[in-house]
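One structure below.
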Amino acid sequence: MLHVSICSMFMAGVGGYSYLYEPLWWVGMITMVVGEVANFAAYAFAPAILVTPLGALSIIISAILAHVMLREKLHIFGILGCILCVVGSTTIVLHAPAEREIESVTEVWDLATEPAFMCYAAVVLAIVAILVYRIVPLYGQTHVMVYIGVCSLVGSISVMSVKALGIALKLTFSGMNQLIYPQTWAFTLVVLTCIITQMNYLNKALDTFNTAVVSPIYYTMFTSLTILASVIMFKDWDRQNPTQIVTETCGFVTILSGTFLLHKTKDMADGLSTSSSFRLPTSSSFRFSKQTDQDSEGIPLRSSESFRSPP
C-alpha cells in the first residue's frame, strides 16, 4: 500500500532540498522504508482484506507523533477518531478470513487470469485510460476525485501484484524457487508500472489540493477498491459466513469514520490557527482605507504587467 506520506516526500517544495541535510529527516526516511518493507511482507502472509484496512493505524501513529513532537494539539474529536480506528481495526482482525494456502506463483497467475478478475482489470484499465486522456486535462486541477481516482484504481491492481510477488519471494526463501517462472517477473513489471503511476498522480493531487482533503478520500477509495479486487481475485469471502462479512464491513466503516474525523479535526485546527493570525482592523485603519478608496475612485484596476517600467 502506498501511503500519502510516501509520495509527499518526493515532492520538491519551494524550499528546495535542504531537508537532505537534516539527520532527523534521514531517520524518518529509514524508518518509513523499513515500515513499507514490513507492509510488503504482510501481504505474503495475510489476505489483503486484512492488511489494507490496518493502514489506518499509521494515521493514528502520525497524529500521536505530531502531538508529541510537533506540538500539534490533538482535540477531543481527534482522540475519538483514533479510538474509532482502533475499534474498527480490532473488529477486522478478529473476523478476517484465513490466508489461502498457495504453493506456487502459477496458482496466483491462474487466479489472476480467471474471467472475473480479468473483467475487473479490463474495467479498471478502461476507466484509468478515460481519466488520464480525457478527464485529467479538463478537470484534474479543479476536481480532487480525478487524480485520486487514478491512484485508487491503479492501486487496487498494484496490491494484487504486490501480494503475488510477496508470495513468490516467500516461497523462494523457503526453498521453492519461484524466480524461474515468467509469471513472477510479469507480476514484478506490473508492480513497478502501477507504483510509478500512483506516485505520479498522488503527487499531483497533493500538490494541487489540501492534504487534509486528499488523505481521507484516497484512503477510502484505495482501501475499498483493494478489498473489492481481493474478494474477486482471491475469493476471500467465499470462506466466510454472512455474519463475518457484515462484521468486517462494519469494522471498515468504523475505520473510515475515525479517519475522516481525524482529518476533519486537523483541518479545523489548521483553520483556527490560520484565522488567529489575522487581526480585526482598527477604526483608524478603516478610516485610512476608506480615504484611500475615495482618493483612488475612478482609477481602473490594472494587472501587475502594466506597472513595469518602459524599456
Distance (nanometres) between label positions extended 7 Å along Cα→Cβ at Gln244 and Val33: 3.8 nm
Between region 60-89 and region 101-143, what is the separation of their alpha carbon centroids in Å? 34 Å
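I need the Kirkwood Rh of region 168-230: take the reciprocal of the average 1/r across all distinct C-alpha pairs and report it in angstrom. It would help to have the intermediate numbers written out before the result.
Working: mean 1/r = 0.0704 Å⁻¹.
One decimal place: 14.2 Å for the Kirkwood radius.
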Order of exposure, largest accessible area first, which applies to Asp236, Asp110 with probe 1.4 Å: Asp110, Asp236
At 1.4 Å probe size, with no ligands or nucleic acids counted, give the accessible surface of His143 in Å², nearest ten. 100 Å²
Please work out how much length the chain gains when fully extended from Thr90 to Ala186, using 0.36 nm per residue of separation minus the C-alpha to C-alpha distance, in nm with one decimal. 31.1 nm
Report the gain in length on full extension from Lys170 to Glu99: 0.36 nm times residue separation, minus Cα-Cα distance, nm rounded to one decimal. 24.2 nm
Once you sort the root eigenvalues of the Cα gyration tensor of region 78-186 as a ≥ b ≥ c, which label holds: rounded (a/c under 1.5), prolate (a/b larger than b/c) or oblate (the other case)? oblate
For Ser174, Ser215, what's the largest-to-smallest order of accessible area, 1.4 Å probe? Ser174, Ser215
I'd like the distance between the alpha-carbon centres of region 204-231 and region 151-180, rounded to an integer number of Å. 22 Å
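By how many nm would the segment from Met69 to Val123 lengthen if fully extended, with 0.36 nm per residue of separation less the alpha-carbon distance? Kindly include the intermediate steps, with their values, before the conclusion.
Working: separation 54, 0.36 × 54 = 19.44 nm, distance 4.42 nm.
Once the chain is fully extended between Met69 and Val123, it gains 15.0 nm.
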Quick check: pseudo-label points 7 Å beyond the Cα along Cα→Cβ at Ile79 and Asn200, how many nm apart are they? 4.6 nm
Which order do you get for Ile196, Ile148 if you rank them by accessible area with a 1.4 Å probe, largest at the top? Ile196, Ile148
Report the accessible area of Phe77, computed with a 1.4 Å probe over the heavy atoms of all protein chains in place, in Å² rounded to the nearest 10. 120 Å²
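The values are calculated or read from the model by the stated rules, or taken from the named source; none is laboratory data. Quantities reported herein were computed from a predicted structural model and do not represent experimental measurements. Neighbour counts are summed over all protein chains in view; Cβ atoms, including those assigned to glycine, are modelled from backbone coordinates with ideal geometry. Side chains are part of the model used for accessible areas, which takes the heavy atoms of the whole protein and leaves out ligands, DNA and RNA. Shrake-Rupley method; radii C 1.70, N 1.55, O 1.52, S 1.80 Å.
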